[in-house]
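Beneath this line is the structure, given in structure tokens, with notes to follow.
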Amino acid sequence: MYKMSYASTDWTTRGLFPEQLKNASYWWNGPDWIKQDFHSLVPSLKVLTTNLDEPDSVQEPTSLNADRNPLNDVLLKFSSYTKIIRVFAWVKRFIQNCKATCLTSKSVGLLQAEEVEASLKNLVKLIQQTEFYQEIKCFKMNKLIPKSSKLLPLNIFLDKDGILRVGGRLSKHPTLPYDQKFPIVIPKRHHITPLIIRHFHQLSLHAGPELVLSLIRQKFWIPDGRSTVRREIKRCIVCCRLNSKPSNPKMGDLPSSR
Ligand SMILES: [Zn+2]
């Protein structure tokens, strides 16, 4: 009989007599070392302890990134602004329906405008809490915004829902809607920002940066908005295809007879 290897799958693929298989402890129970204490096998492995007097020599797992925001991971899965809002609204409705004690208080049917609006506010609030953490913290503690903040020139304030908005001189305008007078601050470098720009760009049938920016500013305020919008519109494939100019081929030299 050939020498048995310690790979248990070999035992059956290479063939065994029933009597041998019956007595093959390695096949039925695995190797003996598997029953031993794990730490006796790996003595060098130190168990992490919470005792501060004895700092662990084991390096902390930096790959787990304590400040990594799970919301961003979720948002990265979406490539449409409207879809994000609607998915959040459906999730919120599902949670509310789960909490509802009677059938009549459950929401059914299509999403209502109020639900979509509430979903947008919740999403913006979550994004702002991570991106503008310092500014919101200052407002909540009645402190001045640090001078290093890039939002300082925007005269920002926290509204009743806890959303950061841009202040301005239009506060006493009688007819303008609240969102337009005090647009919501959106971070310049966030996954949601290009999605918002693309949404308004498509809504305006692929309009230029100025029109798109003015549409965005009816609800949102993106710092350095003009350059951000321009950069994003340059990436639009439809616009690139429609605005491209045909290249004229270079003519060859005429023959000497002409
Ligand atoms: Zn376009």
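Any read-out appearing in this document is the output of simple, stated calculations on the displayed coordinates, not a laboratory observation. Everything quoted here is computed from the prediction, not taken from an experiment. Don't worry about glycine lacking a Cβ; one is built from the backbone with ideal geometry, like all the others, and counts go over all protein chains shown.
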So, over other residues within a Cβ distance under 13 Å of residue 111, counting Lys, Arg +1 and Asp, Glu -1, the net charge is +1
Net charge (Lys, Arg +1; Asp, Glu -1) of residues whose beta-carbon lies under 10 Å from that of residue 165, residue 165 excluded, is -2
The lysines whose Cα lies under 18 Å from the Cα of residue 137, excluding any fewer than 8 residues away in the same chain, are 125, 147, 150, 160
Computed from the beta carbon distance with a Förster radius of 41 Å, FRET efficiency for residue 114 and residue 189 to the nearest 0.05 stands at 0.85
Taking placed amide H atoms and a strict 5 Å upper bound, the residues 5 or more places from residue 156 or on another chain that come that close are 167
Length gained if residue 202 through residue 97 is fully extended, taking 0.36 nm per residue and subtracting the Cα-Cα distance, is 34.4 nm
Convex hull around the C-alpha positions of region 122-221: the volume in Å³ per residue is 119 Å³
Relative contact order of region 106-164 (C-alpha contacts under 8 Å, at least 6 apart) in percent is 31 percent
Least to most buried among 82, 228, by other C-beta atoms within 10 Å and fewest first, runs 82, 228
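Can you give me the convex hull volume of the Cα atoms of region 163-258, divided per residue and expressed in Å³?
Convex hull of Cα atoms, per residue: 158 Å³.
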Applying the gyration tensor rule to the Cα atoms of region 63-191 (axes a ≥ b ≥ c; rounded if a/c under 1.5, else prolate if a/b exceeds b/c, else oblate), the class is oblate
